[in-house]
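Before any comments, here is the structure.
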Amino acid sequence: MATAVLPAEYTVRPPAPADSRAIFALVSAYNTAVIGSADCTLADITNGIVDPDFDPRTDGWLVLDRYDVPVGYGTAFGKGDREVAEIEVLSQDAMVAGWLFDRSLRRAAEMGREAGHAHVTVDSYVYRADAALRELLSEREFSTGTTFNRMRIDHTGPVAAPDVPAGYVVHRGADDDRTRRIAHDVIIDCFRGQFGFVARPHEEWLEARAAYANFSWSQFTLLELDGKAVAFRDCSDRDVEIENCGHIEGLGVIEAARGRGLATYLLRDAFALDAAAGRTGTILHVDTNNPTPALHLYLSVGMRPTLVLEGWRRTIPATR
């Protein structure tokens, strides 16, 4: 397939934190056209630009029209040792979207080559309702790897706090270096092998969390048994601005402790905390191909799917 060409009347440059509000307007308009809501916050945009593992000079492209108004935005984000990259492309102009996608793919290959890999796995996430982007992915030989359901439960009044499972201790917050190291290790243990997950070096993980808005160590919860962490829940205020809902960024139980009701406890505990804080609901995302029966769990506690996203994947050569 021939590489797409950027229309002559457009210019392109790297994004900067000062562009966050303009990019947010672009993303909001695009998402609203596709799914009927912005599904994005200004903090989401800024978080992406300031992530310590993202270099705007080489990994991002902001396309502007002749009036310097953004008409397209694309990023390539290298994960781990750069054997995996995630690309994101957004434009209502098909030519701009095509150009951004091809440029992002080239950068993904460059990342892999610079790290000494022969191939790079490239992931991209798209709303199921976004027919144009799904077609663009298909034309470039991507295929669907999994689907994600956005799950929600509404809180119309107080929610009873669940009893802590017998023998377990709840550790709320991660205020010291030791707890943060344990928290990171538990996340890796729980999510290893799942679609799109690549463990970040600990210091990089810490730096990213420190840079992100809407995250607080006070919202990190560990479940411990005999002094060992066996499950976690990581929450943020990401959806407070959008829908006045709590957001569960991640929830997991190590393999040896599964089947004991720990995930159910962590979910119901989050619901109670969100309701007490005046939130109208709690939201999370679940991979429908999760090796654990996570979707069934969320349905069983009263959550419902509200939106479907797809994870698309292609492996490309990293050679010149």
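Things to note:
- Over 38 Å [Cα-Cα, the chain], rounded percent: 16 percent
- Only protein heavy atoms count here; under a 1.4 Å probe, Arg152 has an accessible surface of about 40 Å².
- Short-range pairs are left out: with C-alpha atoms under 8 Å and at least six residues apart, the relative contact order of the stretch 23-142 is 19 percent.
- Taking all protein chains as they are arranged and a probe of 1.4 Å, the heavy atoms of Glu141 leave approximately 130 Å² accessible to solvent.
- Relative intensity, log₁₀ I(q)/I(0), of the stretch 215-320 from a Debye sum that treats every alpha carbon as a point, q = 0.11, 0.22, 0.24 Å⁻¹: -0.41, -1.29, -1.46
- With DNA, RNA and ligands ignored, accessible area of Ile242 (1.4 Å probe; Å², nearest 10): 60 Å²
- Over the chain: helical MRE at 222 nm, DSSP H runs n ≥ 4 each giving -39500 (n - 2.57), nearest 500: -10500 deg cm²/dmol
- Annotation: for a label point projected 7 angstrom from Cα along Cα→Cβ of Glu224, residues of the stretch 138-180 with backbone N closer than 12 Å are 168-176, 178-180.
- The translational diffusion coefficient of the stretch 13-118, from Stokes-Einstein at 37 °C and 0.692 mPa s with a Kirkwood hydrodynamic radius over alpha carbon pairs, comes to 232 µm²/s.
The values are calculated or read from the model by the stated rules, or taken from the named source; none is laboratory data. Computed from a predicted model, the values in this text were never measured in an experiment. Don't worry about glycine lacking a Cβ; one is built from the backbone with ideal geometry, like all the others, and counts go over all protein chains shown. SASA here: full protein model, heavy atoms, side chains in, ligands and nucleic acids out. Shrake-Rupley method; radii C 1.70, N 1.55, O 1.52, S 1.80 Å.
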